[in-house]
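Here is the structure we will look at, set down as structure tokens.
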Amino acid sequence: MGAPPLPIEEVRAKIGSSTKVLIRRALAASGIPEDPQAIGRFLDIYDRRLLDHTRPYEGIPEIVREARQHACVAVLTNKPLAPTEKILAGLGMRDLFDDVIGSDGAFPRKPNPAALLALMDRAGATPQRTLMVGDSGIDYETAQGAAARCCLVAYGFTDFARQSPAVDDVWVADDPSALAAIVARFVSGSVRL
């Protein structure tokens, strides 16, 4: 589009709401007027290259495997389902999850809790026995809306866990080992908020 690439840190800071918002923010940061066709071009490129730099955070497959021995494990994302499924399959992780809900299905996008409530219903889970793990205010609001427990990782794409004031109803994991400990204690029933 004629502008130099944005630094990766700047792009990462723009991730979290939706593809449309990401593209709008990136165009604005590059001094490029909004282009209605930019999202379509981005999605075409993204579909071809979505696994080029995508990797799970250290320890996450192992954490999910361990949790799945004791509980249902699902993905709830504001990314459309097709690329989500493609990423999970490409990383060899699709079989680790009992269910996956993307943003383009029957439910409104997060932070509306409807999709999380549906996942809980499908799994036969109560809010008290549901742990939503995420990295953003959107994830926190989704958990709150479903009355579910929440663990925010402080090493994700957003700074929400690091910048938000401490709240009594959320755990914060500063690294994968802390997340593993929280998830293990939660699925064993030995910890409650």
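The values are calculated or read from the model by the stated rules, or taken from the named source; none is laboratory data. Please read all numbers here as calculations on a predicted model, not as lab measurements. Cβ sites come from the backbone with ideal geometry, for glycine too, and all protein chains shown count toward neighbours.
Summary of values
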item: Flag for residue 35 being outside the structural domain of residue 78 (by TED's automatic domain parsing), over 19 Å from the mean Cα position of the chain (by Cα) and under 22 Å from residue 81 (Cβ atoms); result: no
item: Segments classed as helices (runs of 4 or more DSSP H), wholly inside the stretch 115-193, with at least 3 members that are at pLDDT 90 or above; result: 137-145, 176-188
item: Pick from the stretch 83-111, criterion in contact (Cβ under 8 Å) with a residue 24 or more places away in the chain and touching an Asp or Glu at 6+ places or on another chain (Cβ under 9 Å), ranking: farthest from residue 137 (Cα to Cα); result: 86
item: Within the stretch 1-52, tally of residues that are surrounded by 11 or more Cβ atoms within 10 Å (Cβ to Cβ), part of a helix (DSSP H, G or I) and of a type in the set (D, E, K, R); result: 8
item: Residue in the stretch 78-90 that is outside any helix (DSSP H, G or I), out of contact with any Cys (no Cβ under 9 Å at 6 or more places or on another chain) and within 20 Å of residue 178 (Cβ to Cβ) present; result: no
item: Residue 65 being assigned by TED's automatic domain parsing to the domain that holds residue 183 and surrounded by fewer than 15 Cβ atoms within 10 Å (Cβ to Cβ); result: yes
